[in-house]
Amino acid sequence: MASTSVATAPGRSEWDGGSSPMGASYGKLMMWFFLLSDAFTFSALLITYGLVRSAHKAFDYTGEFVFSQNYWPVPEKVYEAVPFLEGYALPLVFVGIMTFILIMSSVTMVLAVEAGHRMDRKAVEKWMLWTILGGVAFLSCQAWEWAHFIHGSHHGSAVAEGTTFFGANLVQNQYGPPAFADFFFFITGFHGFHVFSGVCLNFLIYYNTVMGVYDRRGHYEMVEKVGLYWHFVDLVWVFVFTFFYLV
Amino acid sequence: MAHSEETVHINVLPPDKEKIKKLWMTALWMLIITIVEFIIAFTMDHGQFKVWLFIGLTIVKAAFIVGEFMHLRYEVKVLFWSILIPLVFIVWMLVAFVYEGVAIGNARF
């Protein structure tokens, strides 16, 4: 349906690059293909996690779960801390809040895109600000989670030479095999860096909107392109949430 | 567009109520799915079925994000398939690597 409605560019015939068969501008198309390549990068990280995890022993669910170097930890036992509620076991609650924040910021982003289609600058500004706020909130949550993971819980865990080790770094890990902590740092870190660059791009879009750049340009397509990136970041988090925290 | 580039005389259209409502409904569905995932995580016994259930629900959420938020469902078919078909490689990578991982685990323990 849509393929027939593509107009030819002025001064160029259809066989001279005059029409866009995909019905999308160059920039939008390139954003799509960039995101596809980024999807491969994230898949490689998550699938490698799957490989290493399935090459380790799993907890057999007999008796109480304790952190051990001998088997892969159950993620909900690792991530059960919530700020201001020290000492309570609240598995996955905090990461659930983070998921909610990111989904909501995806909604505000798509509302900004919708407002852009209508050339409604005030609405674009409003929704972009909400989106930036969501991104910053998510990053703050992640900073807290990293800090908690690195410093560890009160229990600690015995390491080879007989001392007790709290928390995790790239070589030692209280919660289980060191590879678990490595993947945590790499996967959530790589995703967090995407969120960070997304917030920067969102701010740039917000700034340009306020300065009236898109009003002068006559369209708000930049909001749409950066919106695609922002939704992708949300999409990756959905997979990280499932494969790192739930499964 | 009726106005020229330099004169800032913008024709602001009213909000598309129908479209906005649909977007919020999509968000509501994703929220419901996430809550269901939580319920499953704490009530169901651990096992193969639970893992597949999580994967299924994740794919539903991903379809919502890509289809509705990223608008891919409404794009030209060529674009739609250009994005979706290459994902086959990810599926194959997943199968191959997890199979390999299990084999390594069997060899080690």
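The values are calculated or read from the model by the stated rules, or taken from the named source; none is laboratory data. Bear in mind the structure is a predicted one, so any value in this text is a computation, not a measurement. Please note: Cβ atoms are built from the backbone with ideal geometry, for glycine as well, and neighbour counts cover all protein chains shown. The protein model used for the area step is the full one, side chains on, heavy atoms only, and it has no ligands, DNA or RNA in it. Shrake-Rupley method; radii C 1.70, N 1.55, O 1.52, S 1.80 Å.
Assorted remarks:
- Once the C-beta distance of A:Tyr88 and A:Ser197 is scaled by a Förster radius of 35 Å, the resulting FRET efficiency is 0.55 to the nearest 0.05.
- The charge dipole of chain B, taken about the Cα centre with unit charges on the Cβ atoms of Lys, Arg (+1) and Asp, Glu (-1), comes to about 320 debye, rounded to the nearest 20.
- Cα-based helix-to-principal-axis angle, A:121-151 vs chain A, degrees rounded to 10: 20 degrees
- The B and A chains share an interface that buries close to 5100 Å² of accessible area, total over both sides, probe 1.4 Å.
- Estimated inter-spin distance, A:Ser68 and B:Ile55, nm [label 7 Å along Cα→Cβ]: 2.7 nm
- Dipole magnitude of the protein assembly as shown, debye to nearest 20 (Cβ charges: Lys/Arg +1, Asp/Glu -1, about Cα centre): 500 debye
- Threshold 30 Å², the range A:223-242 residues less accessible with all protein chains present than alone (1.4 Å probe): A:His231, A:Leu235, A:Val238, A:Phe239, A:Phe241, A:Thr242
- Of the chymotrypsin sites (Phe, Trp or Tyr not before Pro) in the range A:145-247, the ones in a loop by DSSP (not H, G, I, E or B) with at most 14 other beta carbons within 10 Å are A:Phe166.
- Given charges at Cβ of Lys, Arg, Asp, Glu: the protein assembly as shown dipole, positive-most of A:Ile47, B:Pro15, A:Pro178: B:Pro15
- Given a 1.4 Å probe and the protein chains as shown, A:Ile97 ends up with an accessible area of around 70 Å².
- Accessible area of chain B belonging to carbon and sulfur atoms, whole % at 1.4 Å probe: 73 percent
- Computed E for A:Trp15/B:Phe89 - FRET, C-beta separation, R0 45 angstrom, nearest 0.05: 0.90
- The residues of the protein assembly as shown expose, per residue, 52 Å² of accessible area to a 1.4 Å probe.
- Applying 1/(1 + (r/R0)^6) with R0 = 45 Å to the Cβ-Cβ distance of B:Lys19 and B:Asn106 gives a FRET efficiency near 0.30.
- Estimated inter-spin distance, A:Asp60 and B:His46, nm [label 7 Å along Cα→Cβ]: 1.2 nm
- Stretch gain in nm, segment B:Phe80-B:Asn11, where the contour uses 0.36 nm per residue and the Cα spacing is subtracted: 21.7 nm
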